[in-house]
1. Mind checking which residues of the range B:61-96 are facing chain A (nearest Cβ under 7 Å) and either surrounded by fewer than 24 Cβ atoms within 10 Å (Cβ to Cβ) or outside any strand (DSSP E or B) (or both)?
2. Against the condition hydrophobic (A, V, I, L, M, F, W, C), within 14 Å of chain B (Cβ to nearest Cβ) and within 30 Å of A:Val263 (Cβ to Cβ), how does A:Ala122 come out, does it pass?
3. Please find, among B:Leu257, B:Leu240, the residue that is at pLDDT 95 or above, under 30 Å from B:Ala211 (Cα atoms) and either crowded, with 17+ Cβ neighbours inside 10 Å or not polar (S, T, N, Q) (or both).
4. Considering the range B:105-125 alone, what residues qualify as being farther than 21 Å from A:Leu69 by Cβ and in a helix (DSSP H, G or I)?
5. Wholly within the range B:224-284, which helices (runs of 4 or more DSSP H) include no fewer than the required count, namely at least 1 residues that are within 14 Å of another protein chain (Cβ to nearest Cβ)?
6. Can you tell me which residue among B:Met7, B:Met1, B:Met106 is open to solvent by less than 10 Å² (accessible area, probe 1.4 Å), of a type in the set (A, V, I, L, M, F, W, C) and at pLDDT below 85?
7. Only one residue in A:Ala252, A:Ala193, A:Ala208 is open to solvent by 50 Å² or more (accessible area, probe 1.4 Å) and of a type in the set (Gly, Ala, Ser). Which one?
8. In the range A:158-190, what count of residues is obtained for those that are touching a Gly at 6+ places or on another chain (Cβ under 8 Å) and more than 27 Å from A:Arg324 (Cβ to Cβ)?
There are 2 protein chains.
Amino acid sequence: MQGDDAMHEDEASLGEFELIDRYFGPGRPSVAGASDAARRSPGATRRSDVILGIGDDAALLRCPADKDLVAAVDTLVEGRHFPAGSAPRSIGHRSLAVNLSDLAAMGATPAWATLALTLPAADRRWLEGFSAGFLDLAAAHGVELVGGNTTAGPLNINVQILGHIDRGSALRRSGAQPGEVLAVTGTLGDAGAGLALVTGRAVSADRAVAAELIERFEYPTPRVQFGMAARGIASAAMDLSDGLAGDLPKLARASGLAAHVDVERLPLSPALRSLAPLAQAREWALGAGEDYELLVAVPAQRFGDLAAAAARLNLTLTAIGELRRGTGVTWALEGLPFAAPGGGYDHFR
Amino acid sequence: MQGDDAMHEDEASLGEFELIDRYFGPGRPSVAGASDAARRSPGATRRSDVILGIGDDAALLRCPADKDLVAAVDTLVEGRHFPAGSAPRSIGHRSLAVNLSDLAAMGATPAWATLALTLPAADRRWLEGFSAGFLDLAAAHGVELVGGNTTAGPLNINVQILGHIDRGSALRRSGAQPGEVLAVTGTLGDAGAGLALVTGRAVSADRAVAAELIERFEYPTPRVQFGMAARGIASAAMDLSDGLAGDLPKLARASGLAAHVDVERLPLSPALRSLAPLAQAREWALGAGEDYELLVAVPAQRFGDLAAAAARLNLTLTAIGELRRGTGVTWALEGLPFAAPGGGYDHFR
């Protein structure tokens, strides 16, 4: 344990291993020595299937014998995935949340993560907030950080998540069948509105509304439990990271089908509805990314079972359309063709 | 397969998925349509234990039942791990090589990799060279690229490697015993000299010498086969990424021991010796990183077995010192105390 004195030494003298160890490993500040951000943290998860964690050339992990391994990777870049100057705690949370969301989309159980952190400087307050946001969410999902490195350079946060799943039970984008119901968890567009509020492109007179929407952007909830519950019921799934208008075509294409959405059915939160006119709310719901809700295809006769599973997790599941034979995605508003906004977020378009 | 015409479309119109698919996946340019850099590439590895690769939210992988999973992650940042303007093929090779080297240090068998690429722009020539360098080395080691993402931003290359190893057989930094021999594979300092040549800090009149040393920096050979052969013989291992003077103290500390090195025993290549005075060559061998040779501890009576295993791989193994009771690392040159250069490369010092 580091004492309070040790906390005041110059961070610039900390080496790479010490940085990882101090903020993410056993050498993490004790409650007494930590700032407020770190104090709220329950501490790092330790799993019995981690044979060797941070500190050697590689981690040694024990994968359950009857399971498949599930691996995903995602990167956050300042100014692109979050505004410059964002709260480090939010950045830490989101860097893991976007990866957990990928596992949720497969129906997998998360287990281990690695973190590659490129930082302009080793700033104590930033690292405290970031590590608290990361490790709190990791603890909530029983994930252990088993490897990492830090590099000096323009801010870039890369997380790889590993999990496992019963063989043959993973949800894929390609499993949808014609006639199945398209449904989404939770509400859409909140994170888009939250980002607009953070960046000043939207303004709210109601502080509670603004706080709720900003929270949805800064601290998205990956639908891990729902993803696991959807195995054996849903036939396809993906997470909504780039916006429904950008993501749905990927699921339809992977399944070799067309998709149709009735835009009036998109689930919009009361907070979003109170912030903006319906047209603007729908634009965020369709075109803004970062919601990290799940999009699923489910046979019509199983929709009730899946909605009930969602309800047990205090989550809504809303049917928004269906899969059809053919290709492409069609959008309708009150029965009339609707032009969805530009195809979602894509880094190199 | 992409035809030649498709190659000439504006890369700026390529989306994230298309980029990954075109340069790293099944949509990779055919030999006829590819540039010279891509033409030399044998194509991407396909493994039977990859149930689902690039293209869904996550990859599905089958870990052998009696093996442990081994995971490592490493980042390359321009201007820090390679000079700005480096050949993209070298960057692609090195981004995977540094990770393979981590698995080599554990004695593990590499299997799968993910790649997170942050790029200022989607430049066709750069991506062709990078992917050829990455995929050629992956093919040489039977590694399949199973996941990836691309993001726009300052150049940052992050690779995660996954492999497996017989349970309980991994080499660790912590396994060394007092009295054991310290040994290194290959020769040290070549990459440091190569980097000095690339950046103009060193000059060689002999083109062949310069080319050999630069090759050692740009295309390091991870000692994967040797690492596997060393299991059951060596008692501890790590890879030399930050220079012997920086890395050896980590192995000694992890094993709870002191280490002693006789500097005159450091293996120096003829090319390095012809480039620089002995003192300079030793400084690179001790203080420059990027060699990616392995440092091992081995019982004295097994050193011959390990050297023979190295020889079967056309690799030298050189005893450079020993482990002792105590703490810290001592260096001697011809029996007299020697001050090793500053502790190796550490990103935040």
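The values are calculated or read from the model by the stated rules, or taken from the named source; none is laboratory data. In this text, all values refer to a predicted model and were calculated from it rather than measured experimentally. Every residue, glycine among them, receives a Cβ derived from its backbone with ideal geometry; neighbour counts consider all protein chains shown. Ligands, DNA and RNA are stripped out before the accessible areas are found, and what is left, the full protein with its side chains, is counted by its heavy atoms. Shrake-Rupley method; radii C 1.70, N 1.55, O 1.52, S 1.80 Å.
1. To start, the set of residues in the range B:61-96 that are facing chain A (nearest Cβ under 7 Å) comprises B:61-63, B:65, B:68-75, B:77, B:80.
Those that are facing chain A (nearest Cβ under 7 Å) and either surrounded by fewer than 24 Cβ atoms within 10 Å (Cβ to Cβ) or outside any strand (DSSP E or B) (or both): B:Arg62, B:Cys63, B:Ala65, B:Val77, B:Arg80.
2. Working: hydrophobic (A, V, I, L, M, F, W, C): yes; within 14 Å of chain B (Cβ to nearest Cβ): yes; within 30 Å of A:Val263 (Cβ to Cβ): no.
Considered against the rule, which asks whether it is hydrophobic (A, V, I, L, M, F, W, C), within 14 Å of chain B (Cβ to nearest Cβ) and within 30 Å of A:Val263 (Cβ to Cβ), A:Ala122 comes out as no.
3. Going through B:Leu257, B:Leu240 in turn, just one is at pLDDT 95 or above, under 30 Å from B:Ala211 (Cα atoms) and either crowded, with 17+ Cβ neighbours inside 10 Å or not polar (S, T, N, Q) (or both): B:Leu240.
4. First pass over the range B:105-125, keeping only residues farther than 21 Å from A:Leu69 by Cβ: B:105, B:117-125.
Correct list: B:Ala105, B:Arg124, B:Arg125.
5. Working: elements: B:224-230, B:244-255, B:270-275.
Passing ranges, in order: B:224-230, B:244-255.
6. Numbers: B:Met1 fails: open to solvent by less than 10 Å² (accessible area, probe 1.4 Å); B:Met106 fails: at pLDDT below 85.
None of the others qualify; the one that does is B:Met7.
7. On the way: A:Ala252 fails: open to solvent by 50 Å² or more (accessible area, probe 1.4 Å); A:Ala193 fails: open to solvent by 50 Å² or more (accessible area, probe 1.4 Å).
Among A:Ala252, A:Ala193, A:Ala208, only A:Ala208 is open to solvent by 50 Å² or more (accessible area, probe 1.4 Å) and of a type in the set (Gly, Ala, Ser).
8. 1
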